[in-house]
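The values are calculated or read from the model by the stated rules, or taken from the named source; none is laboratory data. Fair warning: this is a prediction, and the values are worked out from it, not measured in the lab. Heads up, the Cβs are rebuilt from the backbone with ideal geometry, glycines too, and the neighbour counts pull from every protein chain shown.
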């Protein structure tokens, strides 16, 4: 149960980070400034094009040399957040571009600032259609948390392996891990479906 708490906490914190960074990448990729656009695009493509496990190792072993010392759990949350922010950036972009261009033009005609237009008009229309995709990435992140065992985070799978090694009985702990992952994934899918039915027109 302690390992389950760590797994859930890593997923929730990682997803919160991914949601914030993903929106940041999506917005900056709409920038007319070439340097800002290039930087955001490079970040997104880098994290989308390299394996999560490689990113976890890189952050865990390279950040301390750069003067940033994080715990294994903090490093894992950072890796999950950065990795999935790249995917959510594309989800955000799809939602933003789905809003008719006339919305921007109408807001400009009303003399509204770009920031106010985006925050109060565009984003509220862009978010509901992307709820299903964001829910899928939440579940995917939850199932990727076992990779954090590579940097000594005692999440569900690593704990089950330790118990199996100590007792020479792997069937029970690994079966329990599978059941827990399945149960929580189904609960998450149900919650996403509820949000989809409520907010997606």
Quick one: is residue 148 assigned to a helix (DSSP H, G or I), in contact (Cβ under 8 Å) with a residue 60 or more places away in the chain, touching a helix residue (DSSP H, G or I) at 6+ places or on another chain (Cβ under 8 Å) and surrounded by 17 or more Cβ atoms within 10 Å (Cβ to Cβ)?
-> yes
The number of residues in the range 154-182 that are modelled with pLDDT of 90 or more and under 20 Å from the mean Cα position of the chain (by Cα) is 2
Any residue in the range 169-193 that's in contact (Cβ under 8 Å) with a residue 60 or more places away in the chain: show its pairings with residues that are surrounded by 13 or more Cβ atoms within 10 Å (Cβ to Cβ) at Cβ separation under 6 Å, as long as the two are six or more apart or on different chains.
-> 192/135
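Can residue 153 be described as surrounded by 19 or more Cβ atoms within 10 Å (Cβ to Cβ), touching a residue at least 60 places away in the same chain (Cβ under 8 Å), on the phi < 0 side of the Ramachandran plot and not in a helix (DSSP H, G or I)?
Values: surrounded by 19 or more Cβ atoms within 10 Å (Cβ to Cβ): yes; touching a residue at least 60 places away in the same chain (Cβ under 8 Å): yes; on the phi < 0 side of the Ramachandran plot: yes; not in a helix (DSSP H, G or I): yes.
Against the criterion (surrounded by 19 or more Cβ atoms within 10 Å (Cβ to Cβ), touching a residue at least 60 places away in the same chain (Cβ under 8 Å), on the phi < 0 side of the Ramachandran plot and not in a helix (DSSP H, G or I)), residue 153 qualifies.
Say we look at the range 1-16 and pick out the residues that are surrounded by fewer than 19 Cβ atoms within 10 Å (Cβ to Cβ) and part of a helix (DSSP H, G or I); which of these is modelled with the lowest pLDDT?
Within the range 1-16, the first condition is being surrounded by fewer than 19 Cβ atoms within 10 Å (Cβ to Cβ), and the residues that meet it are 1-2, 4-5, 8-9, 12-13, 16.
With the extra rule that they be part of a helix (DSSP H, G or I), the set shrinks to 2, 4-5, 8-9, 12-13, 16.
Details: 2: 84, 4: 90, 5: 92, 8: 93, 9: 95, 12: 95, 13: 97, 16: 97.
It comes out as 2.
If only one of 169, 198, 190 is assigned to a loop (DSSP other than H, G, I, E, B) and loosely packed, with under 14 Cβ neighbours inside 10 Å, which one is it? Outline the logic, then answer.
On the way: 198 fails: assigned to a loop (DSSP other than H, G, I, E, B); 190 fails: assigned to a loop (DSSP other than H, G, I, E, B).
169 is the lone residue from the list that is assigned to a loop (DSSP other than H, G, I, E, B) and loosely packed, with under 14 Cβ neighbours inside 10 Å.
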Give just the number: which of (1) at pLDDT below 90; (2) over 20 Å from residue 196 (Cα atoms); (3) crowded, with 16+ Cβ neighbours inside 10 Å does residue 78 not satisfy?
-> (1)
Only one of 42, 71, 75 is more than 16 Å from residue 140 (Cα to Cα) and in contact (Cβ under 8 Å) with a residue 24 or more places away in the chain; which?
-> 75
Could you say whether any residue in the range 158-165 is closer than 18 Å to residue 10 by Cβ and out of contact with any helix residue (DSSP H, G or I) (no Cβ under 6 Å at 6 or more places or on another chain)?
-> yes
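Among the listed residues 35, 44, which satisfies the condition of being out of contact with any helix residue (DSSP H, G or I) (no Cβ under 9 Å at 6 or more places or on another chain), modelled with pLDDT of 90 or more and either under 22 Å from residue 148 (Cα atoms) or surrounded by fewer than 11 Cβ atoms within 10 Å (Cβ to Cβ) (or both)?
On the way: 44 fails: out of contact with any helix residue (DSSP H, G or I) (no Cβ under 9 Å at 6 or more places or on another chain).
Matching residue, one of 35, 44: 35.
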If you scan the range 14-32, which residues turn out to be in contact with a helix residue (DSSP H, G or I) (Cβ under 7 Å, 6 or more places away or on another chain) and free of Cβ contacts under 8 Å to residues at least 24 places away in the same chain?
-> 28, 31
